[in-house]
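First up is the structure itself, then whatever we jot down about it.
The values are calculated or read from the model by the stated rules, or taken from the named source; none is laboratory data. The model shown is predicted, which means the values in this text are computed figures rather than measured ones. Note: ideal-geometry Cβ built from the backbone for every residue, glycine included; neighbour counts use all protein chains shown.
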Amino acid sequence: MQNRINVDYTILSILILLGVASIFTLYTLEPTLSASEGSGYWLKQGMWYVVGGLIITAVMLIDYDRFHQITWILYGVGLLSLVMLFAGFPPGIVHEANGAVSWFKFPVLGTIQPGEFIKVILVITLAHVIVRHNNKYVEKTLKSDIILLLKCIVISFPPMFFVATQPDLGGFLVLAAIMGSMVLVSGIRWRILFFIGFIALVAISLITAVSYFFPDIVAGFLDTSGLEHVAGRFIGWLNPEETNGGYGYQLITAMMAIGSGQLFGKGISDLEVSVPEQHTDMIFTAVAEQFGFIGSSIVVTLLFLLIYRLIYIAIQSNDDYGSYLVTGMVGMFAYQIFQNIGMSIQLLPITGLPLPFLSYGGSSTLTYMLAIGIVLNVHSRTKEYMFETRWKN
């Protein structure tokens, strides 16, 4: 048995490279930002990386198995913060930006987005529930599988609901991706999952088809139901040229910026296309315009290697709880990366999601660092034994 602590230097190296890319890109964007957008984002991002490094260190000092003891406390605090945003309480602290009520704004700390931290909290809660359920129901039956599925849905629905009402479509979809990835490996029999997946695929296909052929009818329905922001995103995605502003304009400028970079890019700070929210959700367009396909491919490769490494750690863990924790992080990162880059090239609708470890943002960056800290914690406490059998039931 190994007694030394396993430190995954591959993940740490990837984080350092992504951090350098993020800070440098934000520095090159500084001259293009308007006075209303602010300045000094690259310095602030560097600070968030330093704080995030401290968080990773602190999390690794605690045995992740102890999360069982505080699971429901974390879930309660996270859900309470979302309820407070929903209720607009307290009035002087709740902050609204771009039509979304998603932040608490404190005098010294600045803005904090509970919807980011609830992602990690949901992973911890679902992992706890799945492990406890599987320990209780050793002999799996159709009934026990359905009970576990209902448990996951009941736990995930409240944070998904409150995040959706902020409104934050991107955050809602990330929480759904977390739940889906963890349910997928929870031990629920495949025929149940295939049935649910088939129903979901048919529903998504019908919604997309109706939105494409009857956009006015769908927009009218969404407007009357209070989901007009969803209509704007879908219309801007399907017909960006027909919209006079908003998401259509953002998508067009994003594709112009990416396309103008061509193979090798225009060069450092040579940014001619003004893309809204380029320092946050659309930072990939700045990378593509300055460094072209080559630079973009390097960033995508680093992100792919990160996901690959997380999957490897989840498989290697000889503790079910650790595997579930890392699997939830895989679902969170994989979806956000795919969605962010996909929405920049019109593959997916714009949903306002940051690109992990590159986009500017205090709450998001600290959330990603916390998630990586948990992953490194699981890896460091995974012991390897001689003649160990890697098969799991």
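Quick notes
For every residue, the table says whether it meets (1) surrounded by fewer than 18 Cβ atoms within 10 Å (Cβ to Cβ); (2) farther than 17 Å from residue 172 by Cα; (3) out of contact with any Ser or Thr (no Cβ under 9 Å at 6 or more places or on another chain); (4) of a type in the set (Val, Ile, Thr).
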site: 45; (1), (2), (3), (4): no, yes, no, no
site: 85; (1), (2), (3), (4): no, no, no, no
site: 94; (1), (2), (3), (4): yes, yes, yes, yes
site: 111; (1), (2), (3), (4): yes, yes, no, yes
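- Any hit, region 321-330, residues being touching a residue at least 40 places away in the same chain (Cβ under 8 Å), closer than 29 Å to residue 276 by Cα and either crowded, with 23+ Cβ neighbours inside 10 Å or among the charged types (D, E, K, R) (or both): yes
- Among the residues of region 57-66, the one identified as crowded, with 16+ Cβ neighbours inside 10 Å and touching a Phe, Trp or Tyr at 6+ places or on another chain (Cβ under 8 Å) is 64.
- Qualifying residue in region 85-92 (condition: assigned to a loop (DSSP other than H, G, I, E, B), touching a residue at least 12 places away in the same chain (Cβ under 8 Å) and not charged (D, E, K, R)): yes
One line per residue, one yes/no per condition, for (1) in a loop (DSSP other than H, G, I, E, B); (2) among the aromatic types (Phe, Trp, Tyr); (3) in contact with a Cys (Cβ under 9 Å, 6 or more places away or on another chain); (4) modelled with pLDDT under 95:
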site: 139; (1), (2), (3), (4): yes, no, no, yes
site: 152; (1), (2), (3), (4): no, no, no, no
site: 159; (1), (2), (3), (4): no, no, no, no
site: 202; (1), (2), (3), (4): no, no, no, yes
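- Boolean, residue 286 is modelled with pLDDT of 90 or more, touching an Asp or Glu at 6+ places or on another chain (Cβ under 6 Å), farther than 21 Å from residue 174 by Cα and of a type outside the set (Phe, Trp, Tyr): no
- The condition (being of a type in the set (Ser, Thr, Tyr), more than 16 Å from the chain's Cα centre (by Cα) and in a loop (DSSP other than H, G, I, E, B)) is satisfied by just one residue among 296, 269, 323: 269.
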